[in-house]
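Taken together, the values in this text are just the output of simple stated rules run on the coordinates, not laboratory data. The shown structure was predicted, so the numbers you read here are calculated from the model rather than taken from an experiment. When we count neighbours, we look across all protein chains shown, and the Cβ atoms used for this are built from the backbone with ideal geometry, even at glycine.
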Amino acid sequence: MNGQCAKILHGAGMPPVGSQLKKLRLKAVPPLSIRQMAEKLEMGHSSYNFYENPNTYKKPHLPIDFTRKVATVLAQYGVEPTEVMRLAGLNDAEAQPEAREIESALPAVHFVSLPVALPSEAALADMFESLLALVPPDASRSEAAKILAQRLPSGFSAIGPVVIEPGRAQAPAAAPVPPAGAEDQSTPARSSRS
């Protein structure tokens, strides 16, 4: 494709839609790999990569249904749905209702503070060792994390109840409960719409 055709197809001065899609994927907190994004969209990574690669996807805009799915995933990682919906060729007035619908479907966050008594370090080490034995050696980090997350409850139940000897353990001071709408300080806050 010559430079003149590219300007007409993608708009003068506008990067290809695939490059914009990649930029938004990497803007997620934490950034998502192509494989992670494809997995969350329930599609093959090469199928997803087709849309991100300007050499394979040459249209000026993404399909609307695909864009909605991408916006839904990226909204969970702090990317404004309006930004994503623009990739389907929507203007701000058209993208806003789409974004509101996506944001309203996001799960609400509820903070709960509970005192928890954990088993000894040795018991936890034994539990994690037995859980790690369930992870195939060729598993990816993501697959290993999923296996461990699925097996963690059964690992705790296998340890048995924690018996606290009177006078040996002291209950920790209660942590303050964050006010409604508070966000975890370890993750960047989502930017507000302007």
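For region 51-68 versus region 95-125, the spacing of their alpha-carbon centroids is 32 Å. Pairs of Cα atoms nearer than 8 Å and 6+ residues apart set the relative contact order; for region 3-104 it is 26 percent. Modelled spin labels at Lys23 and Met43, positioned 7 Å past Cα toward Cβ, are 2.1 nm from each other. Our estimate of slack between Val109 and Lys59, defined as 0.36 nm per intervening residue step minus the Cα-Cα distance, is 14.2 nm.
Peptides 121-127, 71-77 ranked from most to least packed by the mean count of surrounding Cβ atoms within 10 Å: 71-77, 121-127. Taking amide hydrogens as placed 1.01 Å from N in the peptide plane, the amide H of Leu62 sits under 5 Å from those of Ala88, Gly89, each at least 5 positions away in sequence or on another chain. Taking 27 Å as the straight-line reach from the Cα of Lys69, the lysines in range (excluding those fewer than 8 positions away in the same chain) are Lys22, Lys23, Lys27, Lys40, Lys58, Lys59, Lys146. Overall form of region 23-126: oblate. Here a/c, set by the Cα gyration tensor axes a ≥ b ≥ c, is 1.5 or more, and a/b is not larger than b/c.
Need one word for region 22-70: rounded, prolate or oblate. Basis is the Cα gyration tensor (sqrt eigenvalues a ≥ b ≥ c); a/c below 1.5 gives rounded, then a/b vs b/c decides.
Values: a/c = 1.45, a/b = 1.38, b/c = 1.04.
It comes out rounded by the Cα gyration axes.
Net length available on complete extension from Phe156 to Ala123 is 10.9 nm, with 0.36 nm assigned per residue and the Cα-Cα distance removed.
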